[in-house]
Amino acid sequence: MKRWKRLYGMSATFVCPYCLRTLPISESTVEHEPPRSRQYELGRSKTMLACKRCNNQKGALTAAEYAEWKRLEFIRNGGLSR
Ligand SMILES: [Zn+2]
């Protein structure tokens, strides 16, 4: 985290790979994909930056499972008709 901030500076922005929002780097968290807790099952994880909201929501899901969860959430919330 600190390393990223030093690298990009506090004023820099990043794009969250999950919600595609552009956010200040101070809103970023280091995300492990696949999740570290499932390394035994899925192999070594790589790290990237994601926003706090997505990282929290994603939890122990893989990127593919999280995408599916978001799709279902979207439908549950009424899709485009809302
Ligand atoms: Zn996000």
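Taken over the stretch 26-62, residues that are closer than 21 Å to Thr13 by Cβ and either touching a His at 6+ places or on another chain (Cβ under 6 Å) or in contact (Cβ under 8 Å) with a residue 12 or more places away in the chain (or both) amount to 18.
Residues in the stretch 10-25 that are without any contact (Cβ under 8 Å) to a residue 24 or more places away in the chain and among the hydroxyl-bearing types (Ser, Thr, Tyr): Ser11, Thr13, Thr22.
When we screen Glu41, Glu68 for residues that are acidic (Asp, Glu), modelled with pLDDT of 95 or more and over 9 Å from the mean Cα position of the chain (by Cα), the only hit is Glu68. Being farther than 18 Å from Cys16 by Cα and among the charged types (D, E, K, R) holds for only one residue in Arg44, Arg71, and it is Arg44. Among the residues making up the stretch 26-38, those that are within 13 Å of the chain's Cα centre (by Cα) and over 16 Å from Ala60 (Cβ atoms) are Glu27, Ser28.
The set of residues from the stretch 19-34 being surrounded by 15 or more Cβ atoms within 10 Å (Cβ to Cβ) and under 10 Å from Asn55 (Cα atoms) comprises Ser28, Thr29, Glu31, His32.
The values are calculated or read from the model by the stated rules, or taken from the named source; none is laboratory data. If you're wondering where the values come from, they're calculated on a predicted model, not measured in any experiment. Every residue, glycine among them, receives a Cβ derived from its backbone with ideal geometry; neighbour counts consider all protein chains shown.
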